[in-house]
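Peer 1: Below is one structure. I have some questions about it.
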Amino acid sequence: MSAVLQTRGLGKRYRQLQALADCTLSIPAGRVVGLVGPNGAGKTTLLNLAVGMLAPTSGTIEVLGAKPGSGSAQLARVGFVAQDTPTYAGLSVADHLRLGAHLNPGWDAALARDRIERLGLDPARRAGKMSGGQRAQLALTLALAKKPELLVLDEPIASLDPLARREFLDSLAEFVAVHRVSVVMSSHLVGDLERVCDYLIVLVASRIQLAGEVTELLASHRQLTGPSRDPATLPAGWQVISASRTDGQSTLLVRTSGPIDDPAWAASHVDLEDLVLAYLSRAARPGQRPALDAQP
Amino acid sequence: MIWLTWRQFRAQTIGATAVLAVLALVLWRTGPDLAHLYDTSGIATCNPNVNCATLASRFLNKLSRIDTLLYFLGIGLLYAAPVIIGVFWGAPLVAREIETHTHRLAWNQTVTRTRWLAVKLAITALAAMAFTGLLAVMLTWWSSPIDRASALNPTHGIALIRLAPLLFDARGIAPVAYAAFAFALGVTAGALIHRTIPAIAATLAVFAVIQIAMPSLIRPHLLPPAHANVALNPANIVGIKDTSLLATPSFTPRGGWILSSQVIDTAGHPFQGANTTACQSRNYQRCLASIESLHPRQLIIYQPASRFWAFQWYESAIFLVLALLLAGTCLWWIRRPRVA
């Protein structure tokens, strides 16, 4: 019931290109969701479907229980910062805030003003004369001050330098903590998401490879080192995500719900980056079927 | 939405207002002198069968170079206004947003795409119509002495008939409808093509085709034309082609729009008697005399001057309906998510 984003068999096809296929998701409310995948994986397509900028060619999608972009009430509940954080080059920061105030009944003028002040943006400055980081912050301010229940951010930090990136993520994390808003943000950089996300979706080649709570994902994956063994002899509950072999030693990344009780294996925890990379490279291997069973 | 429309359209509004202000100043400075010249020309009290054409011609000859320049500049301006509006106000309205990706910002506020476009269309179209309307009123007022004199002597070098194609588009209320149509056309092209420059090219092409097709193919048939069957004045004969006669109209409906004139015989059939023996001998005088003895007549098909306003209303209604259809197309197009 309380899913902010629910899709069933969602697909989007542009003439020859299948941008998104067979995507089934159910994201609970209150999460900060990281959507990771290489360029062209379908991240932007999924987010555009979520805000109603695109219509699906197959399957269904519901955002906060309604059809995306289905009316002004639905638009009010979802804040969107598009890829390349568009702003009106000819309009000043103050003009953008006025735009937000005129176009959104739920506009929080004090919040917007405070944020602009804290960021040190000159209200009289035109967006076209600002840096990429400042523009991204302005676009985020517009989306935040609209007081949405769900924030959708498409690669908001891709074009920012490391410092601006950190400032952007920190200000986002701060807002989320105070206003209890759900967030779905995409990136092709896992490191950025690790700081703020508690839910992860890995999207490769238009298909979902992995989706789940970050803590659960970390708990259910182990890196194992041990003697080389025939894969057929591995325990039934193990799902091998990646495997490498050196000098009679095997290194496996497995997904398993149970404990590792075979003393032959030395088990260690994985971090989010290793986990994502393992899924990315698995999806990139030829002949590998997408791991639909990897979903929760 | 009204605020955003105004804010994004502010520069154009200021530009248009400046153009109107400068023009008003120029016309206000020169208009009274022109009106005075007309009032003292005697045209107002002339006798149509005696001296109207002469007085009109004298008045037109007395126009200063500035007046003549302003007169044709004004016509050019009324031709250009709808085109400029379609190209610079219409075509970028949606296309520029998509090009600069700001549609992703605009369409994710608490305003549906349909309402966003409806408000922009309505406000900008009204501004376009008001601007062109004021332009047309000022220029029609200023030019009225010249227009009236021209109607009395249509053969004068600079005379244009306001019902005839060249001047019709630059008088009355038609420019307002053209502006609305060109604007809607530009918006539609931009919405369908997504890019400003190609949308501008498409707007120009379609508008040009329609502006040529309208007076040549459609407008003449909006009202059944009047016919005049008159004796051919030999002075109007300009040549002989095989068996038929070429001639300029022997009858000029005052201020009317001549659609066609044809030399006919007394039975009403196209005149085919120009191959008389006298004509074959290549003696021009005798040839002419022999043709005259056949009493050729001329059938002139025309739209009388009195129908000017009827044509203006028809024309305006057609273009306003087309503009509304285009606006409806845009609103229908934008309703579904198509561009991310």
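Peer 1: Please go through region A:59-73 and give me each residue that is facing another protein chain (nearest Cβ under 8 Å) and either within 21 Å of A:S187 (Cβ to Cβ) or crowded, with 24+ Cβ neighbours inside 10 Å (or both), ordered by number.
Peer 2: A:G69, the sole residue that qualifies.
Peer 1: Go through region B:290-305 and give me each residue that's in a loop (DSSP other than H, G, I, E, B) and closer than 14 Å to B:T277 by Cα.
Peer 2: B:S293, B:L294 - these are the residues of region B:290-305 that are in a loop (DSSP other than H, G, I, E, B) and closer than 14 Å to B:T277 by Cα.
Peer 1: Suppose we filter region B:75-116 for residues that are farther than 15 Å from A:P86 by Cα, facing chain A (nearest Cβ under 8 Å) and of a type in the set (A, V, I, L, M); how many remain?
Peer 2: Of the residues in that region, 1 qualify.
Peer 1: Residues that are free of Cβ contacts under 8 Å to residues at least 60 places away in the same chain and closer than 29 Å to A:G42 by Cβ: find the strands (runs of 3 or more DSSP E) completely inside region A:202-278 holding 1 or more of those.
Peer 2: Per the criteria, A:221-227, A:239-246, A:249-255.
Peer 1: Still on this model: Sort through A:H96, A:H102 and tell me the only one that's within 12 Å of chain B (Cβ to nearest Cβ), touching a residue at least 24 places away in the same chain (Cβ under 8 Å), in a helix (DSSP H, G or I) and over 22 Å from the mean Cα position of the chain (by Cα).
Peer 2: The conditions single out A:H96.
Peer 1: Confirm whether B:I193 is surrounded by fewer than 18 Cβ atoms within 10 Å (Cβ to Cβ) and not assigned by TED's automatic domain parsing to the domain that holds B:I291.
Peer 2: no
Peer 1: With respect to A:S171, is the statement that it is open to solvent by less than 50 Å² (accessible area, probe 1.4 Å), of a type in the set (S, T, N, Q) and outside any strand (DSSP E or B) true?
Peer 2: Answer is yes for this residue.
Peer 1: Among the numbered conditions (1) within 25 Å of the chain's Cα centre (by Cα); (2) open to solvent by less than 30 Å² (accessible area, probe 1.4 Å); (3) under 22 Å from B:P296 (Cβ atoms); (4) of a type in the set (A, V, I, L, M), tell me where B:A213 comes up short.
Peer 2: Every condition holds for B:A213 apart from (3).
Peer 1: Looking at (1) open to solvent by 20 Å² or more (accessible area, probe 1.4 Å); (2) within 30 Å of B:S316 (Cβ to Cβ); (3) of a type outside the set (V, I, T), find the lone condition where B:A56 falls short.
Peer 2: Of the numbered conditions (1) open to solvent by 20 Å² or more (accessible area, probe 1.4 Å); (2) within 30 Å of B:S316 (Cβ to Cβ); (3) of a type outside the set (V, I, T), the odd one out for B:A56 is (1).
Peer 1: Under the condition of being within 14 Å of another protein chain (Cβ to nearest Cβ) and in a helix (DSSP H, G or I), which residue from region B:306-338 is surrounded by the most Cβ atoms within 10 Å (Cβ to Cβ)?
Peer 2: Here the answer is B:I334.
Peer 1: Here are some conditions: (1) at pLDDT below 90; (2) of a type outside the set (A, V, I, L, M); (3) open to solvent by less than 30 Å² (accessible area, probe 1.4 Å). B:S281 meets all but one. Which one does it not meet?
Peer 2: Condition not satisfied by B:S281: (3).
Peer 1: Follow-up. In region B:317-340, what count of residues is obtained for those that are β-branched (V, I, T) and over 15 Å from B:A191 (Cβ atoms)?
Peer 2: Selection size over region B:317-340: 2.
Peer 1: Still on this structure: Kindly establish whether B:I301 is among the β-branched types (V, I, T), assigned by TED's automatic domain parsing to the domain that holds B:N47 and open to solvent by 20 Å² or more (accessible area, probe 1.4 Å).
Peer 2: Judged against the criteria, B:I301 is not a match.
Peer 1: Also, quick follow-up: A:G90 fails exactly one of the following numbered conditions: (1) more than 26 Å from the chain's Cα centre (by Cα); (2) within 12 Å of chain B (Cβ to nearest Cβ); (3) open to solvent by 60 Å² or more (accessible area, probe 1.4 Å); (4) of a type outside the set (S, T, Y). What is the number of that condition?
Peer 2: Against the list (1) more than 26 Å from the chain's Cα centre (by Cα); (2) within 12 Å of chain B (Cβ to nearest Cβ); (3) open to solvent by 60 Å² or more (accessible area, probe 1.4 Å); (4) of a type outside the set (S, T, Y), A:G90 comes up short only on (3).
Peer 1: Quick check on my filter: what residues within region A:115-127 are more than 14 Å from A:K147 (Cβ to Cβ) and surrounded by 13 or more Cβ atoms within 10 Å (Cβ to Cβ)?
Peer 2: Scanning region A:115-127 gives A:I116, A:L119, A:L121, A:D122, A:P123, A:R125, A:R126, A:A127.
Peer 1: Can I ask one more? Filtering region A:168-190 down to residues that are of a type outside the set (A, V, I, L, M) and free of Cβ contacts under 8 Å to residues at least 40 places away in the same chain, which residue is nearest to A:V4 (Cα to Cα)?
Peer 2: Only one residue tops the list, namely A:H179.
Peer 1: Look at B:G239 and say whether it is outside the structural domain of B:A125 (by TED's automatic domain parsing), over 16 Å from the mean Cα position of the chain (by Cα) and open to solvent by less than 40 Å² (accessible area, probe 1.4 Å).
Peer 2: Answer is yes for this residue.
Peer 1: Same structure, new question: For A:R77, only one of the following conditions fails: (1) within 11 Å of another protein chain (Cβ to nearest Cβ); (2) more than 25 Å from the chain's Cα centre (by Cα); (3) open to solvent by 60 Å² or more (accessible area, probe 1.4 Å); (4) not acidic (D, E). What is its number?
Peer 2: For A:R77, the exception is condition (2).
Peer 1: What are the residues in region B:28-56 that are among the hydrophobic types (A, V, I, L, M, F, W, C) and more than 27 Å from B:R254 (Cβ to Cβ), if any?
Peer 2: Answer for region B:28-56, where residues must be among the hydrophobic types (A, V, I, L, M, F, W, C) and more than 27 Å from B:R254 (Cβ to Cβ): just B:W28.
One line per residue, one yes/no per condition, for (1) within 14 Å of chain A (Cβ to nearest Cβ); (2) touching a His at 6+ places or on another chain (Cβ under 7 Å); (3) of a type outside the set (D, E, K, R):
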| site | (1), (2), (3) |
| --- | --- |
| B:Q8 | yes, no, yes |
| B:Q12 | yes, no, yes |
| B:A18 | no, no, yes |
| B:R29 | no, no, no |
| B:P32 | no, no, yes |
| B:C46 | no, no, yes |
| B:C52 | no, no, yes |
| B:L55 | no, no, yes |
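Peer 1: For A:S228, only one of the following conditions fails: (1) farther than 30 Å from A:Y14 by Cβ; (2) crowded, with 17+ Cβ neighbours inside 10 Å; (3) in contact with a Gly (Cβ under 6 Å, 6 or more places away or on another chain). What is its number?
Peer 2: The number of the failed condition is (2).
Peer 1: Looking at region A:38-58, which of the residues that are of a type outside the set (V, I, T) and open to solvent by 40 Å² or more (accessible area, probe 1.4 Å) is farthest from the other protein chains (Cβ to nearest Cβ)?
Peer 2: In this case the residue turns out to be A:P38.
The values are calculated or read from the model by the stated rules, or taken from the named source; none is laboratory data. Since we're looking at a predicted model, the values are computed, not measured. Positions of Cβ are backbone-derived with ideal geometry, glycine not excepted, and every protein chain shown enters the neighbour counts. We work out accessible area using only protein heavy atoms, side chains counted, and drop any ligands, DNA or RNA first. Shrake-Rupley method; radii C 1.70, N 1.55, O 1.52, S 1.80 Å.
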